Amino acid sequence: MQDRYAGDVGDFVKLGLLRAVSPGRKLGVAWYRFPDEAHNDDGRHIGYLNRQEEYEALDPELFHHLKDIVSRERSIASLLPVLKDAASSDESLDMTGITVKARRAWRREWFSNVIDQLSACDLVFADPDNGIIDDQDKRKGAAKFGKQMPLQEVQALTCGRCAVIYHHNTRRPGGHDAEVDFWLEEFGLPGFAVRAARYSPRTFFVLNPDEEIRKRAKDFCARWAGMRVWLHE
């Protein structure tokens, strides 16, 4: 997650989902905060905010909050009020100045802090820029490893509780349906996915859900179908 993304259409969907499934739960958010980049147009998909008659009714409080922050200052911190009393872990994953040799240990310590900060939560959300990857060690020395969440971290964050994990779909052979099925099997955990395809393909993996979470997610998908949101089981 980057500050420059705050309020875009991806935030509307993901925050809408979290608000739909989290009532009565202690929600914690691991933002996987990464420094703002400027090499692409990511975060500029805010045209939905000009279509109030079409989207406001999905979640009026959320819609107007995002419209307000986009008109002022876009930041991760500005999103928290709509998540009520959620715990937040937003330590930066900026590895500037950290040697390649030291990056693995630095990341382990960073993730340990995330686990500690969200230890009291029974529902957690993780928001890595590019989503989930495998545990190959060669990736872990890269400066942009902070944009990814390895499978090992998914499983650790999910241990003993429900978790929602963001994933940006890739060009994996077989297409997006096969990619989602692959990860659902790879996790080795009960779960399903909420898919969203407005502007770009996103998946939210819901792992270790109870029946109430499952029902809330299903109801969310039915209500938000106009945003090209659907359930993948």
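The values are calculated or read from the model by the stated rules, or taken from the named source; none is laboratory data. Note that the coordinates shown come from a computational prediction; the quantities given were computed from them, not determined experimentally. Because the Cβ atoms are built from the backbone with ideal geometry, glycine has one as well, and the counts that use them run over all protein chains shown. Heavy atoms of the whole protein, side chains included, go into the accessibility calculation; ligands, DNA and RNA do not. Shrake-Rupley method; radii C 1.70, N 1.55, O 1.52, S 1.80 Å.
Taking Lys and Arg as +1 and Asp and Glu as -1, the other residues whose beta-carbon sits under 15 Å from that of Glu109 total +2. In segment 123-233, the portion of solvent-accessible area held by carbon and sulfur atoms comes to 49 percent [1.4 Å probe, whole percent, DNA, RNA and ligands not counted]. Across all directions, the shadow cast by the convex hull of segment 1-131 built on its C-alpha atoms averages 8.7 square nanometres.
The antiparallel fraction among DSSP beta bridges confined to the chain stands at about 55%. Take every Cα pair under 8 Å whose residues are at least 6 apart in sequence, average their separation, divide by the length of the chain, and the relative contact order is 22 percent. Over all pairs of different C-alpha atoms in segment 184-233, the reciprocal of the mean inverse distance, the Kirkwood hydrodynamic radius, equals 11.2 Å. Across every direction, the projection of the convex hull enclosing the Cα atoms of the chain has a mean area of 12.2 nm². A 1.4 Å probe, protein heavy atoms only, puts the accessible area of Met95 near 10 Å². Applying 0.36 nm per residue to the separation of Asp135 and Gln155 and subtracting their alpha-carbon distance, the gain on full extension is 6.1 nm. Normalised by 2.2 N^0.38 Å, with N the number of residues, the alpha-carbon radius of gyration of segment 45-107 equals 1.63.
Per the Debye formula on identical point scatterers at the alpha carbon atoms of segment 102-233, with no solvent, log10 I(q)/I(0) at q = 0.13 Å⁻¹ is -0.56.
Solvent exposure of the chain, expressed per residue, is 45 Å² of accessible area, with all protein chains present and a 1.4 angstrom probe. Counting lysine pairs in segment 54-208 whose alpha carbons fall under 22 angstrom apart, excluding pairs fewer than 8 residues apart on the same chain, gives 6.
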